[in-house]
Amino acid sequence: MSLSVPHLRIGSTEIIALADGEGPFFSPRAEAFPEATAGQWAEADRYDPGAVDAEGRWRLQFRAYAIRSDKSLTLVDAGIGPADGPAVSWAPVPGVLPASLAAANIDPAEVDTVVLTHLHTDHVGWAVVTEAAVPSMGGAVDGAPTSGSATGDRRPYFPNAEYLLQRAEFDALDALNPQLRETLTDPLSAAGQLRLLDGDTPLRAGRAVATPGHTPGHQSVLVADGRELALVTGDLLVHALQLLHPELAYSHELDPEAARHSRKRMLGHETGTTLHLATPHLTEPFISA
């Protein structure tokens, strides 16, 4: 896959798309969106033809985004991860995020903030890794400490970053995926790098916005400059269907009504305002709503 690094500039802030993988969804797409009509599918396929393969399967991109400003280097989400990452049972691991970071001239040690939009495994894969996860780096994670830790050899891939998660998401961890306590949140806590947010929160670059529904504590990141906005969506929407028809539920949303409300609230914007979307799963990394 190409390791180009498309970017979008909002004022003095640069948003960089970082590819980690691509592949088909694990179940038929009609099961993922059971309320979608044939006409809506046709409309979505015209809008995003790359999201359906020759066998009619939903083909997803898996991306993270970097937000670079004069104050901060922020990463939004951490992709599918290495071969031993938490998404190994269904996603096309190993991901290539380390190579994408290198292509964007980003050293993991430079990242000062990591915003985890939610705790699904395809969004947290590189957040915490084992020393064996990146053999091309000599068995050690670039920039990571080399001494032991309170959680074995698991350590944050971004050694100098504060990891931001909504408290509502953390509180739902056992319902979402209890294995992530050992592999993700405990190591981050042990390293002193986990910070819990309570709703909308200013960041060094942009603002974290609570967008619950897909999961209880889902969040997105909004960057604004005058009347130009960019929203790094996370899984606020996962397919062009939900951009064209925000009311359509996705079968893996834990609270479809809350998710609809979040989509409609964030996709609506004032006349004269330009809204760019940075989406992890659509074919194009940047689209205008």
- Item | Among the residues listed as 202, 216, 212, the single one being free of Cβ contacts under 8 Å to residues at least 12 places away in the same chain and surrounded by fewer than 24 Cβ atoms within 10 Å (Cβ to Cβ) | 202
- Restricted to the range 248-289, and to residues that are over 16 Å from the mean Cα position of the chain (by Cα), assigned to a loop (DSSP other than H, G, I, E, B) and of a type in the set (Val, Ile, Thr), which residue is farthest from residue 217 (Cα to Cα)? 271
- Test result for residue 83, in contact (Cβ under 8 Å) with a residue 12 or more places away in the chain, in contact with a helix residue (DSSP H, G or I) (Cβ under 6 Å, 6 or more places away or on another chain) and outside any strand (DSSP E or B): no
- Item | Among the residues listed as 99, 91, the single one being in contact with a strand residue (DSSP E or B) (Cβ under 7 Å, 6 or more places away or on another chain) and either among the hydrophobic types (A, V, I, L, M, F, W, C) or surrounded by 24 or more Cβ atoms within 10 Å (Cβ to Cβ) (or both) | 91
- Item | Residues of the range 184-195 satisfying the condition of being more than 12 Å from residue 114 (Cα to Cα) and either among the aromatic types (Phe, Trp, Tyr) or within 18 Å of the chain's Cα centre (by Cα) (or both) | 184, 185
- Item | Subset of the range 217-236 (residues that are assigned to a loop (DSSP other than H, G, I, E, B) and out of contact with any strand residue (DSSP E or B) (no Cβ under 8 Å at 6 or more places or on another chain)) | 226
- Query: Is it fair to say residue 84 is within 28 Å of residue 132 (Cβ to Cβ), crowded, with 23+ Cβ neighbours inside 10 Å and out of contact with any Pro (no Cβ under 8 Å at 6 or more places or on another chain)?
  - Reply: no
- Task: Please go through the range 239-289 and pick out each residue that is surrounded by fewer than 22 Cβ atoms within 10 Å (Cβ to Cβ), in contact with a Gly (Cβ under 6 Å, 6 or more places away or on another chain) and closer than 26 Å to residue 13 by Cβ.
- Result: 283
- Query: Do we have any residue at all in the range 97-105 that's under 20 Å from residue 221 (Cα atoms), out of contact with any Leu (no Cβ under 7 Å at 6 or more places or on another chain) and modelled with pLDDT of 95 or more?
  - Reply: no
- Task: Could you list, in sequence order, all residues of the range 216-247 that are over 12 Å from residue 33 (Cβ atoms) and more than 14 Å from the chain's Cα centre (by Cα)?
- Result: 216, 223, 224, 225, 226, 227, 228, 229, 230, 243, 246
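The values are calculated or read from the model by the stated rules, or taken from the named source; none is laboratory data. Quick caveat, the model's predicted, so the values are computed rather than measured. Neighbour counts run over all protein chains shown; Cβ positions are idealised from the backbone, glycine included.
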